[in-house]
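Remarks on the structure that follows.
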Amino acid sequence: MVYNLHKKEAIPKDIPKEMEKKIKEFSKNRNKKEFVKKSFDYLNKKYKIDRVRFVTKLPDINKKDVKYLWNAKGFIYCISMNYLLRIMLVKSKFFKDSDIQLKLSNTWHLVPHQYLRIKISKKEYITVDPWAFQLGIKYGDFAHDFHAGKVFPKKN
């Protein structure tokens, strides 16, 4: 069974304490846009993209346990990173889950990929693709077709 890229997983009632701390930290004296950016940046520092692990960690693609995902080291999939970001946004109380849309694209015309579109205000949305950021896709953009970043990200 492969993860359903169209399905929004439920926002869990309970989340890891460290995640709660980050949400509180990023919520202080910030607005919606700043909260999104801080959370996006944090997830990009916490997790690393690795094309080899993209294949070798395939059994993890169906992991939905927020504690498991939050405590993962190194690589997680785009759907997992987006799920963690959605949880942070909703738990911040700046956003409702209905403000966040799951969007799909294909990278290199072959690989299904998920990114998010977030409603900031009645007329303003931002597109974010935290997973592809380390591949060179800028904040506010998303990976699609051959606009999918570097094949191998820089090592930190």
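The values are calculated or read from the model by the stated rules, or taken from the named source; none is laboratory data. None of these values were measured; they are calculated from a predicted model. Note that each Cβ is placed from the backbone with ideal geometry, even for glycine, and that neighbours are counted across all protein chains shown.
Remarks
- Residue check, Leu69 within 17 Å of Met19 (Cβ to Cβ) and at pLDDT 85 or above: yes
- Residue check for Lys138: free of Cβ contacts under 8 Å to residues at least 40 places away in the same chain, of a type in the set (D, E, K, R) and under 23 Å from Asn62 (Cβ atoms): no
- Hey, Phe94 among the aromatic types (Phe, Trp, Tyr), modelled with pLDDT of 85 or more and part of a loop (DSSP other than H, G, I, E, B) or not: yes
- The lone exception for Glu124 - which of (1) over 20 Å from Ile11 (Cβ atoms); (2) at pLDDT below 95 it fails: (2)
- Some residue of the stretch 73-86 being surrounded by fewer than 19 Cβ atoms within 10 Å (Cβ to Cβ) and either at positive phi or part of a helix (DSSP H, G or I) (or both): yes
- First in the stretch 23-47 and on the phi < 0 side of the Ramachandran plot, second anywhere and at pLDDT below 95 and in a helix (DSSP H, G or I), Cβ under 6 Å, 6 or more apart: Phe40/Pro130; Leu43/Met81; Leu43/Pro130; Asn44/Pro130; Asn44/Phe133
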